[in-house]
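Got a structure for you, written out below as structure tokens; questions coming shortly.
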Amino acid sequence: MVRVVLATHNVHKALEFQQILGDAVPGLEIVRYDGPEPVEDGSTFVANALIKARAAAEHTGLPALADDSGICVDVMGGSPGIFSARWAGHHGDAEANLQLLLDQLSDMPDSARAAHFTATLALVVPGAEPVVVEGIWPGRIARHAQGGHGHGSDPIFVPEGHDATAAELGPDVKNRESHRARAFAAIVPALRALAS
């Protein structure tokens, strides 16, 4: 059994990763990271995912998997982007982040509310080149927060092909279609190679 540390302290994200990964990679055990939180001072999703994965790999000596993700609004030039978790000024205040984003888009017609979730995954294996993949989940920003499933921007994001927010969709739908699910599908070959 090959152990890979998941470089996050975010319980919601860890649970989502476990649900998405499921039995996709036999011989692989995902373990939670309990080391120091690195400073995410990169200017892109890729840079921040690599910072987290490298820190976890260095701290544990294990291969490490990290993500950086966020909501990107077209009319706002891709913002909040890497600042999604601290858009309102305080890291992790999801309600304030959502309300600020809704307020900023309040005058925008539905035709100008296109957005997408981005998830970038970085796999860092000591002594090897990192593997970086990206998953995009297109959609639009709703007019009001709705739904009790999920976390982060899920209550205001309506995925393409749906009339409900990501927070109204069941976990089975989200774990099959989301940006993280798409990024995981892209990194599964590298994880399988590691586990073989």
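So what's the angle, to the nearest 10 degrees on a 0 to 90 scale, between helix 179-195 and the longest Cα principal axis of the chain?
0 degrees
What would the Debye equation give as log₁₀ I(q)/I(0) for segment 63-114 at q = 0.15, 0.23, 0.24, 0.27 Å⁻¹, counting only Cα atoms as equal point scatterers?
-0.44, -0.87, -0.92, -1.07
Hey, how many Å between the Cα centroid of segment 90-155 and the Cα centroid of segment 1-60?
Here the two parts' Cα centres lie 19 Å apart.
I've got another one for you. So what is the 222 nm mean residue ellipticity for the chain from helices alone, if each DSSP H run of at least 4 adds -39500 (n - 2.57) and you divide by all residues, rounding to the nearest 500 deg cm²/dmol? Spell out each step's value before the answer.
Details: 5 runs with 62 residues, N = 196.
Computed ellipticity for the chain at 222 nm equals -10000 deg cm²/dmol.
Report, in degrees rounded to the nearest 10, the 0 to 90 angle that the Cα long axis of helix 11-21 makes with the longest principal axis of the chain.
So the inclination is approximately 70 degrees.
Between (i) 68, 44, 32; (ii) 51, 32, 24; (iii) 53, 35, 32, which entry matches Cα extents along the principal axes in Å as derived from the coordinates of this structure?
Evaluating Cα extents along the principal axes in Å on these atoms matches (ii).
On to the next question. How large is the Rg to Rh ratio of segment 1-79 when both quantities use alpha carbon positions and Rh follows Kirkwood?
1.02
Continuing with this model, one more query. Give me the net charge for the shell around Asp110: Cβ to Cβ below 11 angstrom, other residues only, Lys and Arg +1, Asp and Glu -1. The partial results should precede the final answer.
On the way: positive: Arg113, Arg140, Arg143; negative: none.
Net of charged neighbours comes to +3.
At 0.36 nm per residue, minus the direct Cα-Cα distance, what do Ser43 and Ile30 gain on full extension? Give it in nm, one decimal, please. Walk me through the numbers before you get to the answer.
Details: separation 13, 0.36 × 13 = 4.68 nm, distance 2.75 nm.
1.9 nm is the gain from fully extending Ser43 to Ile30.
Fully extended, how many nm does the chain gain between Ser196 and Ala96 (0.36 nm per residue separation, minus their Cα-Cα distance)? Numbers along the way, then the final one.
On the way: separation 100, 0.36 × 100 = 36.00 nm, distance 4.44 nm.
Result: 31.6 nm gained on full extension.
If you line up the long axis of helix 45-60 against the longest principal axis of the chain, both from Cα atoms, how many degrees apart are they, to the nearest 10?
30 degrees
Which loop-located chymotrypsin sites (Phe, Trp or Tyr not before Pro) does segment 105-196 contain, where loop means any DSSP state but H, G, I, E or B and the Cβ has at most 14 other Cβ atoms within 10 Å? Could the numbers behind the result be given before it?
Details: sites: Phe117, Phe157, Phe184; in loops: none.
Loop-located and lightly packed - none at all.
Any read-out appearing in this document is the output of simple, stated calculations on the displayed coordinates, not a laboratory observation. This is a predicted model, so every value here is computed, not measured. Neighbour counts are summed over all protein chains in view; Cβ atoms, including those assigned to glycine, are modelled from backbone coordinates with ideal geometry.
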